[in-house]
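A short worksheet on the structure shown next.
Just so it is clear, none of the values below were taken in a lab; they were calculated from the coordinates. These numbers come from a predicted model, not from an experiment. Positions of Cβ are generated from backbone atoms using ideal geometry, with glycine treated the same way; all protein chains shown enter the neighbour counts.
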Amino acid sequence: MGYAELKPHYTAAEYFALEEQNEVRHEFFEGEIFAMAGASVAHNTIAGNFYVALRQSLRGKKCRVQMEAVRLAVEEGRHYVYPDVMVSCDPLDQRESQQLYSPVLIVEVLSPSTESHDRGLKFNQYKKLASLRHYLLVSQTTWLVEWYQLTEHGVWAHTALAEVDDRLDIPELGLAMTLAEVYEEAGIAPMKPNLNAVEEPAAPFYRAQP
């Protein structure tokens, strides 16, 4: 989702009041407010594919999936955002009507205007969420899902899914998606291997003479 910066400085209370009065959603970071620009058809299709798959996989589980109309409090009074898709299994979040606090999974569909932000500052802020275990960055220019998952050692491991038969498997959420399912009806082509690449011949080996 793209951003359009508004005026100078707001308090969190002013931000909440703005959100209630305005049809356009905004993200808030340290007093600055950013209007969320419109998304592409491909962006919405990809996010929708994740939402549908997660709705099905979470049936019978005490977890809920939400799309970008629901706000996330990354840090109370300081940082509020609208992830493209998120899942929370926290009982307290189930009672909330507009805002979640403890997601276990966040999906962001990348766009040119937000990619560096989603990879950098936003991910660094998301890491502060004690509940978060999975962060997915999804390209909308080719078939590529970058999966960050928090290991038992407290390290964020990175897996790039780019092959046609690659699968995203998150057993604790019952989620199993192929890349074809991620990009279904999005009108985006798979990544093509570089068939023109020529392997450099190995340099000849000469044995030293005694």
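Quick notes on this structure:
- Kirkwood hydrodynamic radius of the chain, Cα pairs, Å: 18.8 Å
- The simple Förster model, with R0 at 22 Å and r as the Cβ-Cβ distance, assigns Ser40 and Ser97 a FRET efficiency of 0.15.
- Of the residues Asp84, Asp165, Asp118, the one that moves most in a GNM of the chain with alpha-carbon contacts below 10 Å is Asp165.
- Rounded FRET efficiency, nearest 0.05, which uses the C-beta distance separating Lys128 from Arg167 and R0 of 41 Å: 0.90
- Distant-in-sequence amide H partners of Arg167 (H built 1.01 Å from N, under 5 Å): none
- Choice from Met86, Met191, Met36 showing the highest fluctuation, given a GNM over the chain with Cα pairs closer than 10 Å: Met191
- Using the rule -39500 (n - 2.57) for each DSSP H run of four or more residues, divided by the residues of the chain, the 222 nm mean residue ellipticity is -6000 deg cm²/dmol.
- Normalising the average separation of contacting C-alpha pairs (under 8 angstrom, six or more residues apart) by the number of residues puts the relative contact order of the chain at 17 percent.
- If the segment from Val52 to Arg78 were pulled out straight at 0.36 nm per residue, it would be longer than the present Cα-Cα gap by 6.2 nm.
- Considering only Ile46, Ile170, Ile106, the Gaussian network model of the chain with Cα springs below 10 Å gives its largest mean-square fluctuation to Ile170.
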